[in-house]
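First comes the structure, then the notes that go with it.
Quick note: the coordinates plus some simple rules give every number you see, no bench work behind them. For clarity, every value in this text was computed on a predicted model and none was experimentally measured. We place every Cβ from the backbone using ideal geometry, glycine too, and count neighbours over all the protein chains shown.
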Amino acid sequence: EGWDVLYSGTGFNYDFGGLTSDTPYTFRLKTFNNKGDSEWCAGTFETRQVPVDDGGKGLGYTWKQTTQDVQLTIPCRPAAKSKDIVVTCKSTSLIVKDTGVSPPTILVDGDLAHSVKGSEASWALQEEGATKRLVVVMEKTEATNERKDHWRNVIKTHASVDHRFLSKGLIPGRLEC
């Protein structure tokens, strides 16, 4: 039937190692008791990302963090100009648009996983050779001093990093555009 049996037994828990990070998986299971077997039940899940610079990847951007700031780096089209980019940062949401094309292109749009000081966000369009990228820096409303408090994602609905691999304590430095 195309399915591999990973466990068959009487235990209530089963941990399967060796999964690839940031990868969707589909599974199915059935249970049994003295009355017989249940029907198959299917499900899906996605493994978390391994953090890079205490951040990760979102849809259309990469991000990193310090104790005080979060920085997004968003690829832009080569002909983009600063006047084409509109960044709307509120305490709980972020919208980034490229209005230099018709229709305007939404680069990032969503509710933030945690609150920021929206009025203090800054951004800059950076050019490196033929590559352009937008760097957005947002100050966290509350500094994160311990691993359990560090951000696991930027946009609520985007992939999370595995918090077990984030820095244990303070993440020093300030991020700039």
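Which of the residue pairs Lys81/Lys156; Lys35/Lys156; Lys81/Lys168; Lys57/Lys81; Lys83/Lys168; Lys81/Lys148 have a Cα-Cα distance greater than 32 Å in the structure shown?
Working: Lys81/Lys156 29 Å; Lys35/Lys156 42 Å; Lys81/Lys168 39 Å; Lys57/Lys81 24 Å; Lys83/Lys168 40 Å; Lys81/Lys148 39 Å.
Listed pairs above 32 Å: Lys35/Lys156; Lys81/Lys168; Lys83/Lys168; Lys81/Lys148.
With an 8 Å cut-off on Cα pairs and a minimum separation of 6 or more residues, tell me the relative contact order of the chain in percent. Numbers along the way, then the final one.
Numbers: 351 pairs, mean separation 38.3, N = 177.
That works out to 22 percent.
Taking the highest mean first, how do the peptides 136-147, 53-64 order by number of other beta carbon atoms within 10 angstrom per residue? Display every interim value, and only then the final one.
Details: 136-147: 17.2, 53-64: 19.6.
Descending packing order for the listed peptides: 53-64, 136-147.
For mean projected area of the Cα convex hull in nm², which listed value, [x] 10.7; [y] 14.7; [z] 15.8, comes from the coordinates shown?
Answer label, from the structure shown: [y].
How big is D for region 97-139, in µm² s⁻¹ as a whole number, if Stokes-Einstein is applied with the Kirkwood radius of its Cα pairs at 10 °C and 1.306 mPa s?
128
What is the log10 of I(q)/I(0) for region 9-81, computed with the Debye formula using one identical point scatterer on each Cα and no solvent, at q = 0.11, 0.16, 0.17 Å⁻¹?
These q points yield log10 I(q)/I(0) values of -0.54, -0.80, -0.84.
Return the sequence-ordered ³J(HN,Hα) values of region 4-20 in whole Hz as given by the Karplus equation 6.51 cos²θ - 1.76 cosθ + 1.60 applied to θ = phi - 60°, using x for Gly and Pro.
Going residue by residue, I get 9, 7, 9, 7, 9, x, 10, x, 8, 10, 8, 9, 10, x, x, 7, 7 Hz, with x marking Gly and Pro.
Report the relative contact order of region 119-177, percent, no decimals, based on alpha-carbon pairs under 8 angstrom and at least 6 residues apart. It would help to have the intermediate numbers written out before the result.
Working: 58 pairs, mean separation 18.6, N = 59.
Relative contact order of region 119-177: 32 percent.
State, as an integer percentage, the relative contact order of region 106-146 based on alpha-carbon contacts under 8 Å between residues 6 or more apart. Can you show the working numbers first?
Details: 40 pairs, mean separation 16.4, N = 41.
Once divided by the residue count of region 106-146, the mean separation gives 40 percent.
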